[in-house]
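Single-structure report; data block below.
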Amino acid sequence: MATVPVLGRAIPHLRLQLNTTLPAAVCLLIRRPCYTTTAAEFNRPIKKVPSTSTSTSTYDDKASLLSAKPHPPKDPKWENDPDYRKWKDKEAEIFQDIDPITLLVKDILHSDRYMDGEQLTPTDEKTVVEKLLAYHPHSEDKIGCGLDSIMVDRHPQFRNSRCLFVVRFDGVWIDFSYQKCIRAYIRHKYPSYAEKFIKEHYKRSSS
């Protein structure tokens with residue numbers, strides 16, 4: 001085990017300043033050593049994937065096809081109501097923005113790319129942390145003392161479903177909802193249209 005730095009022994013729990021932005025806070029917490037232990041909710045060994053596995057061709061192909069798909073037929077309101085037309089344009093913009101990360105996560109969770117208990121590849125992990133976890137309303141609580149990796153496994157309550165987990169340095173791993181991250185991202189980037197979009201396209205709540 002690597003020698004604990006003097007600063008780490010002296011100040012084991014550095015607190016983030018209140019004015020730190022959320023994505024910056026997540027970046028500071030990632031890979032930060034932790035020297036305290038907490039009773040782990042989950043303690044099963046984690047399967048690691050080779051660090052050289054960075055294949056994203058399936059995701060890239062799907063994203064390309066998605067961006068090339070034609071717009072749906074315009075309905076009569078489109079021509080007669082400027083507000084409605086503006087909303088539909090913004091709706092399409094939001095979909096184009098979030099579809100790549102949505103496709104990636106669905107591919108991670110629902111394909112055979114990852115077995116239960118397996119860590120994400122470095123490329124997938126970086127994308128999930130930056131595009132999803134950074135926007136989770138409770139990202140700091142999820143990461144805790146430091147993020148060691150992102151893992152795929154069965155949901156702790158709904159065993160027929162799979163979800164993403166934060167694996168901490170203290171051995172604790174805790175699930176997080178990618179849909180909750182996306183909703184928070186939409187509220188952050190599109191505040192004027194977020195609630196209407198979420199109401200129409202994210203009917204179910206998630207934790």
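FYI, it's all coordinate maths here, none of it is from the lab. Computed from a predicted structure; not experimentally measured. Counting neighbours? That spans all protein chains shown, and the Cβs are built from the backbone with ideal geometry, glycine included.
In loop segments of the range 116-180 as defined by DSSP, the trypsin sites (Lys or Arg not before Pro) with at most 10 further C-beta atoms inside 10 Å of their C-beta are Arg159. The reciprocal of the average 1/r between distinct C-alpha atoms defines the Kirkwood hydrodynamic radius, which for the range 88-187 equals 14.0 Å.
The label point for Lys126 and the one for Asn80, both projected 7 Å from the Cα toward the Cβ, are 5.2 nm apart. Does the range 134-207 classify as rounded, prolate or oblate by the C-alpha gyration tensor (a ≥ b ≥ c root eigenvalues; a/c under 1.5 gives rounded; else a/b over b/c gives prolate, otherwise oblate)? Taking the square roots of the gyration eigenvalues as a ≥ b ≥ c, the range 134-207 is oblate. Among the listed pairs Lys90/Lys126; Lys126/Lys196; Lys106/Lys199; Lys90/Lys142; Lys88/Lys126; Lys90/Lys199, which are separated by more than 25 Å between their Cα atoms? The answer is Lys90/Lys126; Lys126/Lys196; Lys90/Lys142; Lys88/Lys126.
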